Amino acid sequence: MSLFFVSHETCRLHRAPSSHPECPERLQAIEQALDRSSLGQRVVRLQACPANREQLERVHAPEYLDLVEASMPPPGQWDMLDTGDTYLCEHSLEAARLAAGAVVMAVDRVMETPGSTAFCSVRPPGHHAGRRFGMGFCLFNNVAVGAAHAMAVHGLTRVAIVDFDVHHGNGTEDIFRHEPRVLLCSSFQHPLYPGTGADTRSDHILNLPLHAGTDGPALRSAMKARWLPVLEDFAPQLVMVSAGFDAHVDDPLASFRLVEADYAELTEMIMDLACRYSRGRVVSVLEGGYDLPALGRGVLVHLKVLAGGELV
């Protein structure tokens, strides 16, 4: 089984003017964990290409893309896209285009390579970015760009997105609210930022709001009971993952209690589904995860399972 690891150095140039949890060191922590393992020598590394306007417009309104482009500050300065925490520097637009383009590349590779999976180690993250807005550290919705590409270019009619970030994937829900070809499954701590998702009623959007203190066994039990029957009926042709590692017990931004073994078991559940319905095709995209050691360890066990369970 081939595991494609898609990234780009420019994704590290997107940064805030001061201490911020969504920092370039996140990608460095992942690289260091991978390089320390034997898996680091066996992944197929790919350098991302930027998403083009056509690819971005499949999920974002043209006027929103215009706003992002017009909001880029001059060199050496910073600005905010929203009133909260979505910052911009001179490299943010390029980094965001590369993050979305990485997912497009990953989709192409797994569709063209039987028995392959992919992980996109990119930032800024994406699942809070909606059709007409950015928020929550997110500019473009990377996983949504990839899913839309899979449908438009590869002709897929059933794409599943599993979002196990500790925050609700509200942007992905906004984009695919009226798109039954996409089955979105998002688990999250509730109430917590962005405070949405608990009241969604949809046949193809399955939200799983859970209380603070939820651990891995409780999360998996709820997923198996509420998601798996629907995912199996859907029989996805491609499984995509919004892979947030901020549900870890050490993460500073939330209060779930997952550990590394839980991420391994979540990924095994996803891989089992993909092997039965989508020829093993999985494209996973980095979202949250803000304790650097926990992020590195969590991604490594995730990659191990994506690579077929080889020793690391």
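Would you work out the relative contact order for the stretch 161-312, in percent, from Cα pairs under 8 angstrom that are 6 or more residues apart?
This gives 24 percent for the stretch 161-312.
Take every Cα pair under 8 Å in the stretch 95-241 that's 6+ residues apart, average their separations, divide by the length, and report that relative contact order as a whole percent.
Contact order relative to length: 21 percent.
Could you give the nm distance between label points at residue 57 and residue 157, where each point is 7 Å from its Cα heading toward the beta carbon?
2.7
Which percent of the accessible heavy-atom area of the chain goes to carbon and sulfur, probe 1.4 angstrom?
Solvent-exposed carbon and sulfur of the chain make up 51 percent of the total.
Using a 1.4 angstrom probe with every protein chain in place, what is the largest-first accessible-area order of 23, 11, 275?
Accessible-area ranking of 23, 11, 275, largest first: 275, 23, 11.
Output ³J(HN,Hα) for the stretch 81-97: one whole-Hz value per residue in order, computed from phi by the Karplus curve 6.51 cos²θ - 1.76 cosθ + 1.60 with θ = phi - 60°, and x for Gly and Pro.
After applying 6.51 cos²θ - 1.76 cosθ + 1.60, I find 7, 10, 8, x, 9, 9, 8, 9, 10, 4, 9, 5, 5, 4, 4, 5, 5 Hz.
Can you pull out the trypsin sites (Lys or Arg not before Pro) in the stretch 208-312 that DSSP calls coil and that have at most 16 other Cβ atoms within 10 Å?
279
At a threshold of 8 angstrom on Cα-Cα distance, excluding pairs fewer than six apart, so keeping six or more, what relative contact order does the chain reach in percent?
Reported as a whole number, the value is 21 percent.
Taking only DSSP H segments of four or more residues, each worth -39500 (n - 2.57), what value at 222 nm results for the chain once the sum is divided by all its residues, to the nearest 500 deg cm²/dmol?
Taking each H run of at least 4 residues, the total per residue is -11500 deg cm²/dmol.
Report the FRET efficiency, 1/(1 + (r/R0)^6), for residue 113 and residue 233, where r is their Cβ-Cβ distance and R0 is 22 Å, rounded to 0.05.
0.20
If you find the alpha carbon centre of the stretch 1-33 and of the stretch 79-140, how far apart are they in angstrom?
What the calculation gives is 12 Å, centre to centre.
Give the long-range amide H neighbours of residue 120: residues separated by 5 or more places, or on another chain, with amide H under 5 Å away, using H modelled in the peptide plane at 1.01 Å from N.
Close amide H contacts, sequence-distant or interchain: 6, 284, 285, 286.
Starting from the Cα gyration tensor of the stretch 167-292, take the square roots of the eigenvalues, sort them a ≥ b ≥ c, and report rounded, prolate or oblate (rounded when a/c is under 1.5, otherwise prolate if a/b is larger than b/c, else oblate).
oblate
Which of rounded, prolate, oblate describes the stretch 1-97, given a ≥ b ≥ c as roots of the alpha-carbon gyration tensor eigenvalues and a/c under 1.5 marking rounded, otherwise prolate only if a/b is larger than b/c?
oblate
For 64, 290, give me the order by solvent-accessible area with a 1.4 Å probe, most accessible first, ignoring ligands, DNA and RNA.
290, 64
Taking θ as phi - 60°, what are the ³J(HN,Hα) couplings along the stretch 22-34 by the Karplus curve (6.51, -1.76, 1.60), each to the nearest whole Hz, with x for Gly and Pro?
8, 10, x, 4, 4, 5, 5, 4, 5, 4, 5, 5, 5
What label, among [x] 19.9; [y] 15.5; [z] 13.8, belongs to mean projected area of the Cα convex hull in nm² computed from the structure on display?
Label of the calculated value: [z].
In terms of solvent-accessible area of protein heavy atoms at a 1.4 angstrom probe, what is the ranking of 87, 277, highest value first?
277, 87
The values are calculated or read from the model by the stated rules, or taken from the named source; none is laboratory data. This one's a predicted model, so the numbers in the text were calculated from it and none came from an experiment. Please note: Cβ atoms are built from the backbone with ideal geometry, for glycine as well, and neighbour counts cover all protein chains shown. Note: accessible area is taken over every heavy atom of the protein model, side chains too, but ligands, DNA and RNA are not part of it. Shrake-Rupley method; radii C 1.70, N 1.55, O 1.52, S 1.80 Å.
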